[in-house]
1. Leaving ligands, DNA and RNA out of it, report the carbon-plus-sulfur percent of the accessible area of the stretch 29-95 at a 1.4 Å probe.
2. Could you tell me the calculated FRET efficiency between D18 and L77, based on Cβ-Cβ distance and R0 = 22 angstrom, to the nearest 0.05?
3. Based on DSSP H runs of at least 4 residues, each adding -39500 (n - 2.57), what is the mean residue ellipticity at 222 nm of the chain after dividing by all its residues, to the nearest 500 deg cm²/dmol?
4. Treating only the Cβ of Lys, Arg, Asp and Glu as charged (+1, +1, -1, -1), what charge dipole size does the stretch 26-95 show about its Cα centre? Round to the nearest 20 debye.
5. Whole-Hz ³J(HN,Hα) for each residue in the stretch 38-48, computed from phi via Karplus 6.51 cos²θ - 1.76 cosθ + 1.60 with θ = phi - 60°, x for glycine and proline: what do you get?
6. Can you tell me the accessible area per residue over the chain, all protein chains present, probe 1.4 angstrom, in square angstrom?
7. ³J(HN,Hα) across the stretch 50-59 via Karplus (A = 6.51, B = -1.76, C = 1.60, θ = phi - 60°), whole Hz, x for Gly/Pro?
8. From the mean inverse distance of alpha carbon pairs (Kirkwood) and the Cα radius of gyration, derive Rg over Rh for the chain.
Amino acid sequence: AWVFHVADGDTITVLTADKQQVRVRLANIDAPEKGQAFGQACRQSLAAQVYQRDVTLRPIPGEDHDKYGRLVATVELAGADVNLAQLATGCARFT
């Protein structure tokens with residue numbers, strides 16, 4: 001999937017190979033919202049990793065959508081776990 005929007009530090013929107021737009025919530029992490037302290041910095045951290053890049057989505061079995069209808073998934077870029085990278089930079093906490 002190709003990332004064309006980064007909403008905050010744990011939510012992206014992608015375009016799939018079949019041209020579907022899908023909002024994705026990064027699984028098992030929670031990042032500050034844009035209006036919260038460090039929210040913009042954490043959004044920028046995620047954008048620096050994935051914006052306008054092809055990623056692989058690994059949906060969480062049994063929990064593949066959240067209450068807002070977003071796909072809940074681990075996001076990988078060139079084999080690296082983006083969710084863990086957000087944790088490592090201090091831009092998210094484990095949930």
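1. Details: 2170 of 4140 Å².
Carbon and sulfur atoms account for 53 percent of the accessible area of the stretch 29-95.
2. Values: r = 21 Å, r/R0 = 0.93.
According to the calculation, E is roughly 0.60.
3. Values: 2 runs with 19 residues, N = 95.
Here the helix-only value at 222 nm equals -6000 deg cm²/dmol.
4. On the way: 7 positive and 8 negative charges, 43 e Å.
Here the size comes out at about 200 debye.
5. 6, x, 5, 5, 6, 5, 5, 4, 5, 4, 4
6. Numbers: 5440 Å² over 95 residues.
On a per-residue basis, 57 Å².
7. 10, 4, 6, 10, 7, 10, 10, 9, 10, x
8. On the way: Rg = 12.0 Å, Rh = 12.9 Å.
Over the Cα atoms of the chain, Rg/Rh equals 0.93.
The values are calculated or read from the model by the stated rules, or taken from the named source; none is laboratory data. Because the structure is a prediction, the values reported are computed rather than measured. For neighbour counting, all protein chains shown are included, and Cβ atoms are generated from backbone atoms with ideal geometry for every residue, glycine included. For accessibility, only protein heavy atoms count, side chains too; no ligands or nucleic acids. Shrake-Rupley method; radii C 1.70, N 1.55, O 1.52, S 1.80 Å.
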